[in-house]
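Participant: Just dropping this structure here.
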Amino acid sequence: METALSNYIQNYSPLEELIICSNKIIGGGQLIKIQDYSPLVVGRGEIPLIWLNVKNNNKIIELIKENKSFNSNLNVEKSITNRTTIIKVNNSIIIHAKMREENSCIISKIDLRPIGLDIVGDSQKLKIAGNTLSGNTFSGAQYLIGME
Amino acid sequence: MTTFNNKEIHQTVYINGKININPSITILHTPYLLEKYDFDKVINGKHFFSDLSTVLKGIWIGLTINTVAKFIGNLVDKNISFDKWEVYAVLISLFCYFICLIIERFIPTERKRIINDIKSHFNIK
């Protein structure tokens, strides 16, 4: 059974369309669920609202909550003008997210290896633990990818 | 390893592989979000018996130094008197100090609750 995001993420409004590295997620879904948590959640806002979580010793650790960083190594750059949210680790971009319209967000770059997750992608393709996704359209469930 | 290109997908795709790798940044714990009220309790929320035990500890240390000094003085110079009541004073202050410590330990306070919450959050035994 899928865990509702709202159970552990507050103030989250789903996007109608989320494009992650050329893969389109329609209807409020998110990219990936690993066991019982979602490492990356993108929500609707004037700029993309991002939650970033990892699991350590069976505890879910919030690294970024609604664009607010709880880890000194993670820097969140917000631009209302460009409608972007950019997350950096030591000046390297690990997430570049931009609102295209009111209900549509595009992530053109992702690299979660610095936080211990093998998820890398650019505007052409997305690689998750060696699996490649490109140009797919997903709708109808809460998560595009599941891992046990 | 699997490749998904230009597909219409309508249910969660379960994939294999090793997703967890060694992070390059330090990830330990979620920060403990301390409210101003809690911070105030941690700084100023000590129980009366806690403050009293601190005072009694000071008295006990002072009396002990005094008694030891007089005892040594008495050994060197018999004119320096060394009275029994001084030893009793040391013992009584020590006894009162321990009583306060025990009472303070068993009385629940907001400060203790917050400190226990913080310890529990950071898995501190």
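Every number in this text was worked out from the coordinates using simple rules, so none of it is lab data. Bear in mind the structure is a predicted one, so any value in this text is a computation, not a measurement. Virtual Cβ from ideal backbone geometry, glycine too; neighbours counted across all protein chains shown.
Participant: For a quick check, take a GNM of chain A with Cα springs below 10 Å and name the residue from A:LYS33, A:LYS109, A:LYS55 with the largest mean-square fluctuation.
Facilitator: A:LYS55
Participant: Test of understanding: in a Gaussian network model of chain A with alpha carbons linked when under 10 Å, which of A:LYS24, A:LYS68, A:LYS59 would top the mean-square fluctuation ranking?
Facilitator: Maximum among the listed residues: A:LYS59.
Participant: Considering just Cα atoms, how many Å³ per residue does the convex hull of chain B enclose? Walk me through the numbers on the way to the answer.
Facilitator: On the way: hull volume 30.7 nm³, N = 125.
Once divided by residue count, the hull of chain B is 246 Å³.
Participant: What distance in nm separates the two pseudo spin-label positions at A:ARG113 and A:SER72, each 7 Å out from Cα along the beta-carbon direction?
Facilitator: 2.6 nm
Participant: May I ask you to derive the FRET efficiency for B:ILE102 and B:SER81 from their Cβ-Cβ distance with R0 = 30 Å, giving the value to the nearest 0.05?
Facilitator: Values: r = 35 Å, r/R0 = 1.16.
The value I calculate is 0.30.
Participant: Mind listing the long-range amide H neighbours of A:PHE70? Cut-off is under 5 Å, sequence gap 5 or more, other chains count too, H placed in the peptide plane at 1.01 Å from N.
Facilitator: When sequence neighbours closer than 5 places are left aside, the close amide H contacts are A:ILE64, A:LYS65.
Participant: What is the P(r) of chain A, as percent of Cα-Cα pairs per 10 Å bin from 0?
Facilitator: Percent of Cα pairs in each bin: 12, 46, 38, 4.
Participant: Moving on to the next point. May I ask for the distance between the Cα centers of region A:77-114 and region B:72-87, given as a whole number of Å?
Facilitator: 79 Å
Participant: If the chain between A:THR81 and A:THR137 were fully stretched, how many nm would it gain, using 0.36 nm times the residue separation less the Cα-Cα distance? Let's see the in-between values first.
Facilitator: Details: separation 56, 0.36 × 56 = 20.16 nm, distance 2.88 nm.
Full extension of this stretch gives 17.3 nm more.
Participant: Enumerate the aspartates and glutamates that B:LYS112 could reach by cross-link, defined here as Cα to Cα under 19 Å, with residues fewer than 8 away along the same chain left out.
Facilitator: Within the straight-line limit of under 19 Å, B:LYS112 reaches these aspartates and glutamates: B:GLU35, B:ASP38, B:ASP40, B:ASP51, B:GLU104.
Participant: Same structure again: Starting from the Cα of A:GLN35, step 7 Å along the direction of its Cβ; do the same at B:ASN16; then give the gap between the two resulting points in nm.
Facilitator: Using points 7 Å along Cα→Cβ, the separation is 2.0 nm.
Participant: Which aspartates and glutamates have a Cα lying under 13 Å from the Cα of B:LYS70, excluding residues fewer than 8 positions away in the same chain?
Facilitator: B:ASP83, B:GLU86
Participant: Given the -39500 (n - 2.57) contribution per DSSP H run of 4+ residues, what per-residue ellipticity at 222 nm results for the protein assembly as shown, rounded to the nearest 500 deg cm²/dmol? Could you put the intermediate results ahead of the total?
Facilitator: Numbers: 4 runs with 73 residues, N = 273.
Value at 222 nm, helices only, nearest 500: -9000 deg cm²/dmol.
Participant: Starting from the Cα of B:PHE95, step 7 Å along the direction of its Cβ; do the same at B:ASP40; then give the gap between the two resulting points in nm.
Facilitator: Between B:PHE95 and B:ASP40, the simple spin-label model gives 4.1 nm.
Participant: Something else about it: Add +1 for every Lys or Arg and -1 for every Asp or Glu among the other residues with Cβ under 14 Å from the Cβ of A:ARG100, and state the total. Let's see the in-between values first.
Facilitator: Working: positive: A:LYS24, A:ARG44, A:ARG83, A:LYS98; negative: A:GLU16, A:GLU17, A:GLU46, A:GLU101, A:GLU102.
The answer is -1.
Participant: Next up: If I take R0 = 22 Å and measure r between the Cβ atoms of B:THR54 and B:ILE115 in this structure, what FRET efficiency does the formula 1/(1 + (r/R0)^6) give, to the nearest 0.05? It would help to have the intermediate numbers written out before the result.
Facilitator: Values: r = 17 Å, r/R0 = 0.78.
Computed FRET efficiency for B:THR54 and B:ILE115 comes out at 0.80.
Participant: Could you work out which residue, out of B:LYS41, B:LYS84, B:LYS112, moves most in a Gaussian network model of chain B, that is, has the largest mean-square fluctuation with Cα springs under 10 Å?
Facilitator: Largest GNM mean-square fluctuation: B:LYS84.
Participant: With an 8 Å cut-off on Cα pairs and a minimum separation of 6 or more residues, tell me the relative contact order of chain A in percent. Walk me through the intermediate numbers first.
Facilitator: Numbers: 342 pairs, mean separation 39.7, N = 148.
Reported relative contact order: 27 percent.
Participant: So, one more: Considering the zone a paramagnetic label at B:ALA69 would reach in this model (a point 7 Å from Cα along the Cα-to-Cβ line), which residues of region B:76-103 have amide N under 14 Å from it?
Facilitator: B:81
Participant: Go through A:LYS109/B:LYS18; A:LYS33/A:LYS59; A:LYS55/B:LYS46; A:LYS24/B:LYS18 and tell me which ones have a Cα-Cα distance over 26 Å in this structure.
Facilitator: A:LYS55/B:LYS46
Participant: Mean Kyte-Doolittle of at least -1.0 and a Cα length of 24 Å or more along the axis: which whole DSSP H helices of chain B meet both? Present the calculation step by step, with values, prior to reporting the outcome.
Facilitator: Working: long enough: B:48-76 (42 Å, 1.10); B:84-106 (34 Å, 1.45).
Helix filter hits for chain B: B:48-76, B:84-106.
Participant: Measure of size requested: the Rg and Dmax of region A:32-118, with Cα atoms as the atom set and Å as the unit; please supply both.
Facilitator: 12.5, 40
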